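To start, the structure itself, in structure tokens.
What follows draws every value from the coordinates through simple rules; no lab data is involved. On a predicted model such as this, the values are computed, not experimentally measured, just so you know. Here the Cβ positions follow ideal geometry from the backbone for every residue, glycine too, while neighbour counts run over all protein chains shown.
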Amino acid sequence: MDLNIAKSAKRPRPERRPSWIKIPLKGGDNYDFVRSQMRAKHLHTVCEEARCPNIGECWGNGTATFLIMGDVCTRSCGFCDVKTGRPLALDWTEPERVAQTVRAMNLNHVVITSVNRDERKDGGAPIFALCIDRIRELQPGCSVEVLIPDFKGDEKALSIVMNSQPDILNHNVETVRRLFKKVQPQDRYEWALATLDNAKRIQPAILTKSGIMVGLGESMIEVEQVMRDLVDLGVDILTIGQYLQPTRNHLPIERYYTPEEFDKLKRIGFELGFRWVESGPLVRSSYRADKQVALLAS
């Protein structure tokens, strides 16, 4: 085969962001208030640590996603900008500071996520449970969504979180089975599915949620298969968003999905049986989370 023909046949990687990906500007009174609250209580947010493109919109609306158990992760996923290394010991006063900040911000819905803490057998699950319990005490009526790691599929660790009865239990699959080891080299597709399956079995009434990024080289057929896998586990809510490369050291973007393709995936998701599907270029797992729980938990 002519090498020049073979090279030209490969799909070129996109270099410029398309016109439909417009990241909101940062700033405003609410934005400054959220930032001041996080700094005052020495808290982290995934909005900052993972360079979420929606930070301007969400902080501008007075909301944020708390990142607990430090800002250093024991895993090194190819898409994530959170630091990797050996984390510090758990801070058992953190749940109190999180709850106080939720009250100060007068939130009616809060999303709490974490780094992976694989050095601990329980993965830090008790910290999640303490956050849920203390928020319920200090801010009654505030719904709590937890975006948890897979705890390596450990059901005992998951039960610690589920027994505190969050309103939504979220664990992101992130990508299709074929790309899993490339995108998340220390994770397993089976751990992700087991986390969602066990969560529904332990507390059937609690909403479960998962998310996937597109643009990493997957096919539409593979995306649809992940969606089928999640529906089979009773997952209620699905989020689908465009992968955006945080730095040149992270996995490259293979292609940008069009708004029409995101609309198509949303239609497929509803047809397969999800109760809610959030699909769009800048959608992330906590995007418009308050509206999802208000709609489905009523």
Worksheet item: Roughly how many Å is it from the Cα centre of the range 231-298 to that of the range 62-110, as a whole number?
Response: 22 Å
Worksheet item: Short version: what are the Cα gyration tensor semi-axes of the range 181-278, square root of 5 times each eigenvalue, largest first, in whole Å?
Response: 24, 18, 10
Practice prompt. Could you name the aspartates and glutamates whose alpha carbon sits less than 13 Å from that of Lys121, not counting residues in the same chain fewer than 8 places away?
Written response: Asp150, Asp154, Glu155
Response to the item:
The ³J(HN,Hα) series, computed from each phi in the range 238-245 with the Karplus coefficients 6.51, -1.76 and 1.60 at θ = phi - 60°, rounded to the nearest Hz and given as x for glycine or proline, is 10, 10, 9, x, 7, 5, 10, 5
Worksheet item: Over the range 23-296, how many percent of alpha carbon pairs lie in each 10 Å bin up to the one with the longest distance?
Response: 7, 31, 39, 20, 2
Item to complete: With just the Cα atoms of the range 54-163, tell me how far they stretch along each of the three principal axes, in Å, largest first.
Response: 34, 32, 22
Worksheet item: What number comes out for the charge environment of Lys121, summing +1 per Lys or Arg and -1 per Asp or Glu over other residues with Cβ under 12 Å away?
Response: 0
Worksheet item: Given Lys152/Lys209; Lys83/Lys266; Lys83/Lys181, which pairs have Cα atoms separated by over 25 Å?
Response: Lys83/Lys266
Response to the item:
For Thr84, other-chain or 5+-apart residues with amide H closer than 5 Å (H placed, Pro excluded) are Cys73
